[in-house]
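The values are calculated or read from the model by the stated rules, or taken from the named source; none is laboratory data. Here the structure is a predicted model, which means the values were calculated and not measured. Glycine also receives a Cβ, built like all others from the backbone with ideal geometry; neighbour counts cover every protein chain displayed. SASA here: full protein model, heavy atoms, side chains in, ligands and nucleic acids out. Shrake-Rupley method; radii C 1.70, N 1.55, O 1.52, S 1.80 Å.
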Protein chains: 2
Amino acid sequence: MEDWDLYLVTEEELSSGRCTLEVVKAAINGGVDLIQLRDKGKDLAYRYELGLKIRELTAEAGVDLIINNRVDLALALEADGVHLGQDDLPLKAAQKLLPEDKIIGISASTVEEALQAEAGGADYLGVGSIFATDSKDLKNDRSAVGLNRLAEIKSKVDIPVAAIGGLNQDNISEVIAAGADVISVISAVTQAEDIEWKTEELKGIIKEAKKGR
Amino acid sequence: MEDWDLYLVTEEELSSGRCTLEVVKAAINGGVDLIQLRDKGKDLAYRYELGLKIRELTAEAGVDLIINNRVDLALALEADGVHLGQDDLPLKAAQKLLPEDKIIGISASTVEEALQAEAGGADYLGVGSIFATDSKDLKNDRSAVGLNRLAEIKSKVDIPVAAIGGLNQDNISEVIAAGADVISVISAVTQAEDIEWKTEELKGIIKEAKKGR
Ligand code: NI
């Protein structure tokens, strides 16, 4: 987890007509470190079939695969872990179902949620929405966290902090400067004209920004 | 499973202002055989907390508890099984995640789906919607199956057939006569003025109708 820079969250509805598998392939070619299978609007049967294909691609490429919300799907796909929101299955219940070596990420938008997740044994935090975003799912989640609160959260926990929400090539340097360990994106990659190139660009900016800390 | 007559599917939104826990308590007092925790509109954190309480009640009463759609929630609650629709996690994937003794029910609205589910090892079928129904979830699922197709499905499988969709005190005798082994209801019980009494009434009608076959 210490090596993660760029985290792609999938959402076919935001992929400019391209399918998630195609998006994932291009992002892997561009050097993405971590894929979260989300595609919230799709039914489980679809996500299972899609997930089997993404599992193959990510395993070959040595890229980690995290499943949004569904511990059962994570187990069925032998994914590397699961990402849980504050309204999902509680962390303690998920821990009982998953093998010890699996990654569990928890969404946090306040210091309190972050501390609670870390104390409960979360492996990383998904902190957001950092900025206002058009990504439907995130928009409904919470109002913007902002860079100050991101920095505050980062200063109080030891586990990696993945920032999410409204992030793109123009603002990720300051998000890294504020303390994020990982940059999570949906649209910045899924809606890019050239996904592979955009992935490379974002990763380059993140690596550069981390040097400056 | 051979002893099941009446199967209650929970939906707080259709419970005339009463909470699902209250509805389940009254239905258990009235002699319901099986509870399916559905409450599709609620988030997982809520269903988990509610499920823990329902698990206690059903275990004490010797009533089976089935979880709609989520294998992870079924595992976390140590429920008796899971009910899967045609668009949910595939049966074969669910079987790998659940202990051998757990019940897996599959929704089927055609003979083909029924035969496929039985061949795959389903423990029972949920066949519907038998009649037109106002229950939001079912309405969107499929158009009405009707008694003829229910009878055809029943004649071609050996596993128990639970009929669902638009069932109430006025029509369940003919549904049993057409071959249903189990009557599943939402509104007929959840919207009843006196849930315990309604449960008793429905169960009496089912038992009487089974004698007549
Ligand atoms: Ni769901």
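At-a-glance table
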{"quantity": "Residue list for segment A:68-81, filter: within 12 Å of the ligand (Cβ to nearest atom) and either open to solvent by 10 Å² or more (accessible area, probe 1.4 Å) or in contact with a strand residue (DSSP E or B) (Cβ under 8 Å, 6 or more places away or on another chain) (or both)", "calculated": "A:ASN68, A:ASN69, A:ARG70, A:VAL71, A:LEU73"}
{"quantity": "Number of the condition not met by A:ARG70 [criteria: (1) out of contact with any helix residue (DSSP H, G or I) (no Cβ under 9 Å at 6 or more places or on another chain); (2) facing chain B (nearest Cβ under 9 Å)]", "calculated": "(1)"}
{"quantity": "Residue within segment A:49-61 that is within 12 Å of another protein chain (Cβ to nearest Cβ) and open to solvent by less than 40 Å² (accessible area, probe 1.4 Å) present", "calculated": "yes"}
{"quantity": "Flag for B:LEU84 being without any contact (Cβ under 8 Å) to a residue 24 or more places away in the chain, facing chain A (nearest Cβ under 10 Å), among the hydrophobic types (A, V, I, L, M, F, W, C) and touching a strand residue (DSSP E or B) at 6+ places or on another chain (Cβ under 6 Å)", "calculated": "yes"}
{"quantity": "Output for segment A:41-67, where each listed residue is in contact (Cβ under 8 Å) with a residue 24 or more places away in the chain, assigned to a loop (DSSP other than H, G, I, E, B) and within 12 Å of the ligand (Cβ to nearest atom)", "calculated": "A:GLY41, A:LYS42"}
{"quantity": "Residue match in segment A:18-40 (condition: open to solvent by 40 Å² or more (accessible area, probe 1.4 Å) and within 16 Å of the ligand (Cβ to nearest atom))", "calculated": "yes"}
{"quantity": "Every residue from segment A:88-112 that is part of a helix (DSSP H, G or I) and within 13 Å of another protein chain (Cβ to nearest Cβ)", "calculated": "A:LEU91, A:LYS92, A:ALA93, A:ALA94, A:GLN95, A:LYS96, A:LEU97"}
{"quantity": "Any hit, segment A:154-175, residues being open to solvent by less than 40 Å² (accessible area, probe 1.4 Å) and polar (S, T, N, Q)", "calculated": "yes"}
{"quantity": "Conditions (1) among the aliphatic types (A, V, I, L, M); (2) part of a helix (DSSP H, G or I); (3) open to solvent by 10 Å² or more (accessible area, probe 1.4 Å): number failed by B:LEU150", "calculated": "(3)"}
